[in-house]
Amino acid sequence: MKYAAIVIGLSSGGMNAIKKLLYALPSGFPVPIVIVQHLGSRSDSTWISNLDQNSNLQVKEADEKETIIKGRVYIAPPNYHLLIEKDKTFSLTIGEKVNFARPSIDLLFESAADAYTHSLIGVVLTGSNHDGANGLKRIQEKGGFILVEDPLTAEAPGMPSSAIALTKPDRVLPLEELIKELIGMVQNN
């Protein structure tokens, strides 16, 4: 299998983007997806339950030491950094905020790049700061594939623009085309 996991980071405007992406994925999607969405530290998991009910895949909040299973979608809990260990389990930490955020997209991406190396796809979608750019750079350095939402079509262009400025994305696409690209890449795995 060429790709073993997908990591996605998003912030401002992310709820609309993640709904479009998850609702478009077919049942039986063969790789796990791990998502950091910047939210307030007091957010509850109602939105995750809603995604789970309306998606073809199981969507859940990631738990400490949970083993990552293909075909599932995991979302970082509010106010915790979500890391992927080399044995493909999760670690949750309450370290300092990174890029003013906890969970940090960069920390997830960097740990995922170390765990999955060349078999990882990293995706940065809409957002207002520059979180995710350094993590995408690490994914690229480890031989992974990186996709960035076109800043011109993103609700908030800051994160995609920062990612493009720091890396050479394999693809920069409007959200709908990016979703089709992801599905095609994984189905042709």
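The values are calculated or read from the model by the stated rules, or taken from the named source; none is laboratory data. Note that the structure is predicted; figures quoted are calculated from it, not measured. Positions of Cβ are backbone-derived with ideal geometry, glycine not excepted, and every protein chain shown enters the neighbour counts.
What are the residues in the range 135-169 that are part of a helix (DSSP H, G or I), of a type outside the set (S, T, N, Q) and surrounded by fewer than 22 Cβ atoms within 10 Å (Cβ to Cβ), if any?
Selection gives LYS137, ARG138, GLU141, GLY158, ILE164, ALA165, LEU166.
Within the range 69-87, take every residue that is in contact with a strand residue (DSSP E or B) (Cβ under 7 Å, 6 or more places away or on another chain) and farther than 13 Å from VAL7 by Cα and give me the one that is surrounded by the most Cβ atoms within 10 Å (Cβ to Cβ).
Among them, the one singled out is HIS81.
For a quick check of your reading: which strands (runs of 3 or more DSSP E) sit entirely within the range 47-100 and have at least 2 residues that are charged (D, E, K, R) and within 14 Å of the chain's Cα centre (by Cα)?
Correct list: 58-61.
How about the range 18-73: which of its residues are within 22 Å of LEU107 (Cα to Cα), among the small types (Gly, Ala, Ser) and modelled with pLDDT of 95 or more?
ALA62
Within the range 27-38, is even one residue among the polar types (S, T, N, Q), surrounded by fewer than 22 Cβ atoms within 10 Å (Cβ to Cβ), in contact (Cβ under 8 Å) with a residue 24 or more places away in the chain and touching a Pro at 6+ places or on another chain (Cβ under 7 Å)?
no
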